[in-house]
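Colleague: I'd like to ask you about the structure that follows.
We did not get these values from a lab; they are worked out from the coordinates using the rules stated. Values in this document were obtained by computation on a predicted structure and should not be read as measured data. Positions of Cβ are generated from backbone atoms using ideal geometry, with glycine treated the same way; all protein chains shown enter the neighbour counts.
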């Protein structure tokens, strides 16, 4: 049953896009009306240029690895967001990247899409639920939110898909989609109507509701006594009416957790 929130749908969607998975904050990182916001920085891609043993990786070895990755990804035409991984496909499945492997994911996407825009957020920047993170955004369409601390669900990063496609490094079109080919801009009225109440949540009035709907479940925490508070988690779509505006994971519905 639809329930009215005390924030606007726009603010709720913006908060979800920023990487916070619970609605309830009144400001958004980077919102012009917010005193604080993420800071753009020029910094190396990845978390560190120094290995765990204190050595600096061989630049030529890194270049060779990047070249191999680019060759492997040649022919990619689709990036699909599943509940717990990204899958890069062409005529065949070319590469999967678990959402527990942040550095590998960023390296693969950079090899395919080129250098992203990088922004950093500290804990509480703009809203109390926003964790410390570094965001990597390609073409304003695909965002990886690298969490400073692994989330309780087990993911090292969040994903937000903000458009139906993005350009590759070579200029080709890469389609962006969720499970069953759902993309930003699709009308999913039938899917919203058929989904059980446990897997969807409405924002706004009954007559003019926007939705968050779980497209594929994931990130269950077996044996966790708080799992009821977690709601239903996985890859979700955010809609305006019934038109998809954002795809993301993890993105729970009916969560009563603080953040």
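Colleague: Please give the peptides 102-111, 88-97, 152-161 ranked by average Cβ packing (other Cβ atoms within 10 Å per residue), highest first, as a rough proxy for protection.
Modeller: The packing order, highest mean first, is 152-161, 102-111, 88-97.
Colleague: Classify the range 64-173: rounded, prolate or oblate, from the alpha-carbon gyration tensor (a ≥ b ≥ c, eigenvalue square roots; a/c under 1.5 rounded; otherwise prolate if a/b is larger than b/c)?
Modeller: Verdict is prolate for the range 64-173.
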